[in-house]
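**Student:** Take a look at the following structure, please.
The values are calculated or read from the model by the stated rules, or taken from the named source; none is laboratory data. What you see is a predicted model; the values in this text were computed from it and never measured. When we count neighbours, we look across all protein chains shown, and the Cβ atoms used for this are built from the backbone with ideal geometry, even at glycine.
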Amino acid sequence: MIALIHFRLSTLLHSQRYLPPALLFLAVLAVGTVNSSGPLLPVYALCAGAVFISAAWLTVALANIEGPEHRAITVISAGGSRAPLVATIAVALAGCVVLTVVGLLLPLAWGTHSPTAAELAVGVGAQLICACAGVGIGLLCSRLVITRPGYSLLTALALVMLTLLAPAIPPVNPVLRLLSSGRGPHELLWPLLGFAAVAIATLAVSAVLTQRVAARRT
């Protein structure tokens, strides 16, 4: 597994496919957090939304990094399609952790804020929740599930917009609204734990569905 993760990470770095989602993330933060002041949690809501979009994009790029022939070789070498998928998820989540650290610190560097420990915890939690949801959507929209690029792109756009804008679909929109509600950070910790469970379950279901479809095609 460690070798697969290293292989996935090295391939991603050499291909530079991480750059578009990373640049999008930085662009959103630059527009929304430079010279910001006042409450910090709405700023972290913006960062969480940016993490969500970038996580979905990064996951699709990572899952699609191998063509069908190269993927078949990887699957045979790994003894099945499950381990390569787990490695893909691990690298995608690691990339999201990096984005979360950047999203946590840049608003403090670019804006004027006096954060508390509770606000920082809420900011980290919200971004990681959105990251898990983004990775889950990215898996379902990758070549592992949807083989045609056009259909994959349209499905990804539809799912991302629906998840961002629909209040009834957890966890992303409810989390963003929660951070923008004006409530104190201590009041948000317990609700975020519930949304974290939903995000982890969403990612797990997406991984299982992706694995089943990919295994049938291998």
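**Student:** Which residue, of 29, 9, 4, 40, is crowded, with 17+ Cβ neighbours inside 10 Å and in contact with an Asp or Glu (Cβ under 6 Å, 6 or more places away or on another chain)?
**Tutor:** Selected residue: 40, the only one of 29, 9, 4, 40 that is crowded, with 17+ Cβ neighbours inside 10 Å and in contact with an Asp or Glu (Cβ under 6 Å, 6 or more places away or on another chain).
Every residue, every condition in (1) under 13 Å from the mean Cα position of the chain (by Cα); (2) surrounded by 19 or more Cβ atoms within 10 Å (Cβ to Cβ); (3) within 23 Å of residue 8 (Cβ to Cβ), yes or no:
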{"residue": "94", "(1), (2), (3)": "yes, no, yes"}
{"residue": "98", "(1), (2), (3)": "yes, no, yes"}
{"residue": "118", "(1), (2), (3)": "no, no, no"}
{"residue": "123", "(1), (2), (3)": "no, yes, no"}
{"residue": "131", "(1), (2), (3)": "yes, yes, yes"}
{"residue": "136", "(1), (2), (3)": "yes, yes, yes"}
{"residue": "143", "(1), (2), (3)": "no, yes, yes"}
{"residue": "154", "(1), (2), (3)": "no, no, no"}
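**Student:** Which residue pairs have Cβ atoms closer than 8 Å, lie 6 or more positions apart in sequence or on different chains, and pair a first residue in the stretch 161-179 that is free of Cβ contacts under 8 Å to residues at least 60 places away in the same chain and part of a helix (DSSP H, G or I) with a second residue that is of a type in the set (Val, Ile, Thr) and surrounded by fewer than 19 Cβ atoms within 10 Å (Cβ to Cβ)?
**Tutor:** Filtered contacts from the stretch 161-179: 162/169.
**Student:** Now for a different question. Residue check, residue 4 against (1) of a type in the set (A, V, I, L, M, F, W, C); (2) touching a Pro at 6+ places or on another chain (Cβ under 8 Å); (3) at pLDDT 95 or above, all met but one. Which one?
**Tutor:** With respect to (1) of a type in the set (A, V, I, L, M, F, W, C); (2) touching a Pro at 6+ places or on another chain (Cβ under 8 Å); (3) at pLDDT 95 or above, residue 4 is out only on (3).
**Student:** Can we say residue 150 is exposed (fewer than 13 other Cβ atoms within 10 Å of the Cβ), touching a residue at least 12 places away in the same chain (Cβ under 8 Å) and out of contact with any Ser or Thr (no Cβ under 9 Å at 6 or more places or on another chain)?
**Tutor:** So residue 150 does not fit the description; no.
**Student:** List every residue pair whose Cβ atoms lie under 8 Å apart, where the two residues are 6 or more positions apart in sequence or sit on different chains, the first residue falls within the stretch 60-81 and is assigned to a helix (DSSP H, G or I), and the second residue, located anywhere, is charged (D, E, K, R).
**Tutor:** Note: pairs meeting the criteria are 61/17; 62/8; 62/17; 63/143; 74/66.
**Student:** Give the stretch 120-147 a look and list any residue that's in contact (Cβ under 8 Å) with a residue 40 or more places away in the chain, of a type in the set (A, V, I, L, M) and in a helix (DSSP H, G or I), or say none.
**Tutor:** 121, 122, 126, 128, 129, 131, 133, 135, 137, 139, 140
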